[in-house]
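This report concerns only the one structure given below.
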Amino acid sequence: MIYFDNAASTAVHPEVVKEMMPYFDTEYGNPSSIHQFGRKAKNAIQKARKQVAALVGAEPDEILFTSGGTESNNTILCGIPTDGLNHIITSTVEHEAVLEPCRHLEKNGVKVTYLSVDEHGMVNPNDIINSINPQTVIVSVMLANNEVGTIQPIKEISKICNQYQIPLHTDAVQAVGKVPINVKELGIHALSISSHKINGPKGVGALFIKKGLTISPEILGGGQENGMRSGTENVASIVGFGKACEIAQERLNENISHFQTLHSSILSKIVKEIPHVKLNGHPEKRIFNNIHLTFLGVNGEDLIIKLDEHGIAASTGSACSVHTQKASHVLKAMGFNHEQISGSLRMSFGYMNTLDEVEQAVEVLKKVVSELRSVSPYKTKYNF
Ligand SMILES: *Cc1c(COP(=O)(O)O)cnc(C)c1O
């Protein structure tokens with residue numbers, strides 16, 4: 001099997017599993033308890049908080065543990081104090097975990113501006129200047145897109161937000177571990193991270209909230225997480241997430257160059273071996289563990305099924321949109337027509353993928369694309 005769907009989820013790193021194990025059977029205390037069991041659990045959480053903070057250049061007390069990227073996005077968008085103001089700026093290419101909370105807020109009278117993007121899926125920072133008004137409470141633009149891998153000009157956007165004194169949130173779920181991130185250098189106020197996209201366990205993540213920015217708590221109860229998210233902490237998962245962040249930081253440069261090697265290898269092989277292919281997303285301003293392509297005249301879903309039959313796991317784009325069976329809102333926003341959207345394929349690499357796997361995958365792709373094109377309704381259009 002070849003797993004090229006690391007943008008959907010990743011294998012938990014063996015060192016992470018090892019680090020988590022004691023918190024199931026021996027260190028099982030409640031972090032709020034005063035005895036040794038409790039103190040050990042509490043210390044483990046504090047260690048993890050430092051590990052997460054270090055990966056993004058934050059202070060440990062600026063890290064709020066959540067159940068993942070979705071909850072982090074919901075927490076900031078729904079928890080930001082409005083003081084009677086009612087306008088949010090976001091983009092048309094955000095993950096559903098940003099778009100759905102925005103749509104929910106719209107039902108409650110909040111106005112949302114959805115910024116358009118260019119053909120690479122990139123937001124124009126000048127559009128933010130034009131969208132800001134005295135009612136604007138927050139700007140939320142993702143760092144790297146989960147479908148096409150484009151990196152947004154967050155630094156430019158943050159300059160504008162800071163000038164107008166409007167908090168900036170970024171969904172960095174896909175960017176963490178793929179590019180260096182420093183919240184201070186970027187000048188951002190909130191940032192979402194998910195553990196399972198960086199070789200940590202599922203169901204845990206974090207929201208960085210800059211000191212001084214107060215948001216209302218989402219879950220009330222025993223006052224855990226500084227009163228921001230009550231409920232007994234998911235100690236083992238938090239420990240694993242912390243370890244995953246430590247590993248991601250230690251091996252950041254190594255992983256980036258590995259991803260670049262895989263990316264350029266698969267791209268050059270595909271371009272050489274398969275005709276009528278289009279590379280999507282920004283060619284340079286991107287995360288390199290993601291390659292997104294359109295095979296004209298092919299249905300992407302048929303392609304995924306064929307690849308799966310040959311032991312290759314890939315995706316049409318967003319695992320989440322599979323439930324809704326909708327055409328990708330990201331590709332639509334980039335101006336793709338129906339045929340271009342239909343023929344799209346995302347392959348996303350992890351640290352374990354190899355050049356050998358790339359070679360095998362291209363051989364299979366060449367074969368299945370040609371099979372699907374031989375029965376394609378576009379057969380004569382392209383003279384396949
Ligand atoms: C996966 C993903 C999320 C959701 O994270 P979960 O931890 O699965 O809730 C949010 N945003 C982006 C960009 C993602 O890729």
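The values are calculated or read from the model by the stated rules, or taken from the named source; none is laboratory data. Since the model is a prediction, treat every value here as computed from it, not as a measurement. Counting neighbours? That spans all protein chains shown, and the Cβs are built from the backbone with ideal geometry, glycine included. Ligands, DNA and RNA are stripped out before the accessible areas are found, and what is left, the full protein with its side chains, is counted by its heavy atoms. Shrake-Rupley method; radii C 1.70, N 1.55, O 1.52, S 1.80 Å.
Kindly establish whether Glu62 is in contact with a Lys or Arg (Cβ under 9 Å, 6 or more places away or on another chain) and not aromatic (Phe, Trp, Tyr). Let's see the steps before the verdict.
Working: in contact with a Lys or Arg (Cβ under 9 Å, 6 or more places away or on another chain): yes; not aromatic (Phe, Trp, Tyr): yes.
Taking the combined requirement at face value, the residue satisfies it.
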- prompt: Within region 337-384, how many residues are touching a strand residue (DSSP E or B) at 6+ places or on another chain (Cβ under 6 Å), under 30 Å from Glu15 (Cβ atoms) and either aliphatic (A, V, I, L, M) or open to solvent by 70 Å² or more (accessible area, probe 1.4 Å) (or both)?
  reply: 2
statement: Looking across region 8-53 at residues that are β-branched (Val, Ile, Thr) and more than 16 Å from the ligand (Cβ to nearest atom), the single one that is farthest from Lys202 (Cα to Cα) is Ile34
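Can you name every residue in region 196-218 that is within 16 Å of the ligand (Cβ to nearest atom) and not in a loop (DSSP other than H, G, I, E, B)? Write out each step before concluding.
Residues of region 196-218 within 16 Å of the ligand (Cβ to nearest atom): 196-208, 218.
Correct list: His196, Lys197, Gly205, Ala206, Leu207, Phe208.
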- request: Would you confirm whether any residue within region 147-159 is out of contact with any strand residue (DSSP E or B) (no Cβ under 8 Å at 6 or more places or on another chain) and either among the β-branched types (Val, Ile, Thr) or part of a loop (DSSP other than H, G, I, E, B) (or both)?
  value: no
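I'd like to check something: does region 220-234 contain any residue that is under 30 Å from Gly38 (Cα atoms), within 16 Å of the ligand (Cβ to nearest atom) and open to solvent by 30 Å² or more (accessible area, probe 1.4 Å)? Explain how you work it out, then say what you get.
Going residue by residue through region 220-234, those that are under 30 Å from Gly38 (Cα atoms) are 220-234.
Right, trim to within 16 Å of the ligand (Cβ to nearest atom) and you get 229, 234.
Filter once more, keeping what is open to solvent by 30 Å² or more (accessible area, probe 1.4 Å): 229, 234.
So far as region 220-234 goes, yes, one or more of its residues are under 30 Å from Gly38 (Cα atoms), within 16 Å of the ligand (Cβ to nearest atom) and open to solvent by 30 Å² or more (accessible area, probe 1.4 Å).
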- prompt: Quick one: which helices (runs of 4 or more DSSP H) sit completely within region 59-142 and have at least 3 residues that are out of contact with any Leu (no Cβ under 9 Å at 6 or more places or on another chain) and open to solvent by less than 20 Å² (accessible area, probe 1.4 Å)?
  reply: none
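Tell me yes or no: at least one residue of region 7-18 is assigned to a loop (DSSP other than H, G, I, E, B) and more than 24 Å from Ala175 (Cβ to Cβ). Even if it seems obvious, please write down each step before you answer.
We begin by selecting, within region 7-18, every residue assigned to a loop (DSSP other than H, G, I, E, B); these are 7-13.
Now narrow it down to the ones that are more than 24 Å from Ala175 (Cβ to Cβ): none.
No; the residues of region 7-18 include none that is assigned to a loop (DSSP other than H, G, I, E, B) and more than 24 Å from Ala175 (Cβ to Cβ).
Residue-by-condition table, conditions (1) farther than 27 Å from Glu62 by Cα; (2) of a type outside the set (S, T, N, Q); (3) without any contact (Cβ under 8 Å) to a residue 12 or more places away in the chain:
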position: Ile80; (1), (2), (3): no, yes, no
position: Ala97; (1), (2), (3): no, yes, no
position: Val123; (1), (2), (3): yes, yes, no
position: Ser140; (1), (2), (3): no, no, no
task: Could you please tell me which pairs satisfy a Cβ distance under 6 Å, a separation of 6+ or placement on different chains, a first residue in region 6-18 that is within 13 Å of Glu246 (Cβ to Cβ), and a second residue that is more than 11 Å from the ligand (Cβ to nearest atom)?
output: His13/Asn199; His13/Ile247; Val16/Gly240; Val16/Lys243; Val16/Ala244
